[in-house]
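Heads up, the thing below is written out as C-alpha cells.
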Amino acid sequence: MLDLLLCNCRLPDRPEPCDIAVRGGRIVAIAPQLQAEAPEVIDAGGHLVAPPFVDPHFHMDATLSLGMPRLNRSGTLLEGIALWGELKPSLDPEAVMERALRYCDLAVAQGLLAIRSHVDICDDRLVAVEALLEVRRRVAPWIDLQLVAFPQDGLFRSPSAEANLIRALDMGVDVVGGIPHFERTMEAGADSVRRLCRLAADRGLRLDLHCDESDDPLSRHIETLASEVTRLGLGARAVASHATAMHSYDNYYASKLIPLIAESGLAVVPNPLINITLQGRSDSYPRRRGLTRVAELRAASVPIAFGQDCVMDPWYPLGGADMLDVAHMAIHALPMTARADMAWAFDAVTVAGAQVMGLPDPTLRAGGPASMVILQARDPIEAVRLRATRLAVIRHGRVLAQTPPRIARLALEGRPTALDPAAYAPPSDPTAPPGG
C-alpha cells in the first residue's frame, strides 16, 4: 500500500503525463498509469509537478519589518543598512520569531521549502541569532533552514563582530558569512576574506560572503575569495553572493576573473529583485542593470542559483516568498529569453539552489525524496511566465498546503483561457533555440 499517489503529472524532464507513487516519504515509482492503491490520491490534471523552490540567500531577521523605525526614502543600500542599524538595539527575540514564522508560513504556501538566511551578529546580545535558531527548530518539519553568521557592519569594522561570529557558530549557526566591501579599506576587506575562509576551513563549515555588492569597478574581493577557496580547498562549500560589481568590471579583467572563479569551484548567487533596485542608483544614463555577469559565468560552468534576499524590510518594500517572481525578474533584467535560458531560470530557483546549499538532490526520481510542488502550468517556462499557482505543496510525502486553481470564467463562447492546460501548447523541447 502506498501513502500517496499523484496521477496525470507532467515533470520538467518528461513531456508525457505520468503517475508518482510515494511511500515512507520517498518516491517509489514514476511511470504512466500506475496500477496502485493509496489512501490519498491527487489528480495533478496534466499540470507541472516540480521539485520544491529553494532560496539560497535571504535575511529572515529583517523580514516584514518595513517601516521600522522608518521608511527607506532614498531606496539605497546604504540607507537600508543605516535603518537596520537603528532598528537593531530595539530587537526583541519574540518579535523577530513572530515575523520569521509568519514569513515561513507564507514560504510553505508558495512551495519554498529550503531557505538560507543570513543573520546579523553585530548586536552583542545576539538577539536575532537566538530567535532564528529557535525558528529553525520549529520549522524543521516543513523547511530546511540554514543560518549564516553575518557581520553586517563588517568583520573588522565592527569591534566585536569577530568574537560574536564565533559565538554564533558555537551556538549552532551553520555557515560563515561576511561582507568584505563594507570594511573601511580594500585591504581590510581582503583580510576579512582570508580570515573568514580560514575560519570556515578550520571548522569544516560552508562559507557564504556578500561579495562586491557594489557598483564600484575597483571592488574586487571575489578575486581574493576565489584564490582563498582554491588554496584552502573549500570548493563547492563556498558562495559569493550578489557580486554586482562585476557589471562594472572592464571586459579584460572579467575575462581573467571568471576562469579563476570556475577553477575554484565557487558558486555565485545573484539576487535579481534586489540587485536591480539597489544597484545603479547613482547612475544617470546609460544606467547599469545591477546584476552580475550571469551569461559569462554560466558559460564557464560556474554554479549559479538565484536568491530572493529581502521581503518588506529596510532594503526592499515588496516581495512575497515567490521564487517564480525572482526567476521572472532575472529573465527580464539579464535579459535571457531563449527557451533554454528560461528553462534554466526555473532550475536556478529549484535544483540549483539545493546544490548551492549542499542539500540532497531534489530531482523527482524513483528513490528520491517525495517533496514537490504541483504548479498550474504545463512546463517550467509557463510556470515562470504566469508565476503559477501552487496547487499543492508536498514534503516527504505529506501535503502541507493546497490552493484552488485560478479560473477566469469568460462569456466568450466557452473558449478555454490561458490558465487552462489545454489552451496553450508549448514547444515539445524546452531546450529548443529561440523560435524552436
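What follows draws every value from the coordinates through simple rules; no lab data is involved. Because the structure is a prediction, the values reported are computed rather than measured. Backbone-built Cβ (ideal geometry, glycine too); neighbour counts: all protein chains shown.
Values as computed for the structure displayed
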read-out	value
Fraction of the pair-distance distribution of the stretch 53-357 above 27 Å, Cα-Cα pairs, percent	35 percent
Helix axis angle, 251-264 relative to the chain longest principal axis, alpha carbon, degrees	70 degrees
DSSP beta bridge pairing in the chain, given as percent antiparallel to the nearest 5	40 percent
Degrees, to the nearest 10: 323-333 long Cα axis against longest axis of the chain	70 degrees
With Cα atoms, 0 to 90° folded angle of helix 186-203 axis to the chain main axis	60 degrees
Sequence ranges 211-217, 236-242, ranked by mean other-Cβ count within 10 angstrom, highest first	236-242, 211-217
Unit charges at the beta carbon, dipole of the stretch 53-357: most positive-side option, Ile261, Val311, Val229	Ile261
Helix-only CD estimate at 222 nm, as mean residue ellipticity for the chain, using -39500 (n - 2.57) per DSSP H run (n ≥ 4)	-10000 deg cm²/dmol
Cα gyration tensor shape for the stretch 225-286, rounded if a/c is under 1.5, else prolate or oblate	oblate
Under 15 Å from the Ala299 label point (7 Å along Cα→beta-carbon), backbone N, the stretch 251-280	251-260, 262
Segments 158-166, 387-395 sorted - mean Cβ within 10 Å per residue, highest first	387-395, 158-166
Charge dipole (debye, nearest 20) of the chain; +1 at Cβ of Lys and Arg, -1 at Cβ of Asp and Glu	400 debye
Mean Cβ count within 10 Å, highest first, over the residues of peptides 218-227, 63-72	218-227, 63-72
